[in-house]
Amino acid sequence: MYAVGAEPTSHRIIWADIDGDERKELVNAPIMGRNAKAPLWEVAVNLIWYEIPEQPTLAPWEPHIIDDQLTVVHGISVIDWDNDGCDDILVASFEGIHLFQPQKQAKGVSWTKTKLGVGDQVNREKRGPSEIAAGKIGSEETITISRGYSCLICNLLLFLSRQQLEQSKHSTPPRNNCYPDILTKG
Ligand SMILES: [Ca+2]
Ligand SMILES: [Ca+2]
């Protein structure tokens, strides 16, 4: 066993080619910030990616912060949103759905953060979306989002295209609602 990192409450880890070199990096999404307390968990999460060294079991995996502002990060998914060859990260948190896009710099990588939706913010203890997944239904590329937080059984899944998700950020969700009630394809 070899320790890669020591971030408490790691909940999702996922591979993504952040710098477009056709070699994956590791993304680590803790579910809550260090020492966060119920019911609102008001400590932000360190969303991190790790460089994989040439000798993964001998050298340290260098951590890099993608974002340190979101609380209760429950779901992440990888998609090349802008088809530039670098993987982008979709994140579902108490604060909504965010898209993180890397840009290669002379030294390292910088990130652009875009809020695509807020989700249900009425119940402060269970706010925002909980899961997000990029995939396909048939040949149709689809973003799947679960509404609300923590109640996957009773909440609905929404199926949106990239364009529909981008458009939803301009709408105001009605009470007890998350994203526009659209659309199941397939
Ligand atoms: Ca890479
Ligand atoms: Ca991209």
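Every number in this text was worked out from the coordinates using simple rules, so none of it is lab data. If you're wondering where the values come from, they're calculated on a predicted model, not measured in any experiment. When we count neighbours, we look across all protein chains shown, and the Cβ atoms used for this are built from the backbone with ideal geometry, even at glycine.
Quick notes on this one:
- Counting other Cβ atoms within 10 Å as a rough exposure proxy, the listed residues R34, R127, R162 run R34, R162, R127 from fewest neighbours to most.
- Cβ-placed point charges (K, R +1; D, E -1), dipole of the stretch 23-121 about Cα centre in debye, nearest 20: 220 debye
- Radius of gyration and Dmax over the Cα atoms of the stretch 1-128, both given in Å: 15.0, 48
- Note on M32, M1: ascending count of other Cβ atoms within 10 Å places them as M1, M32, the fewest first.
- Exposure proxy shown here: for S168, S110, the number of other Cβ atoms within 10 Å sets the order, fewest to most, as S110, S168.
- Set K24/K126; K107/K136; K24/K136; K104/K136; K37/K126 screened for pairs whose C-alpha atoms are more than 23 Å apart: K24/K126; K107/K136; K104/K136
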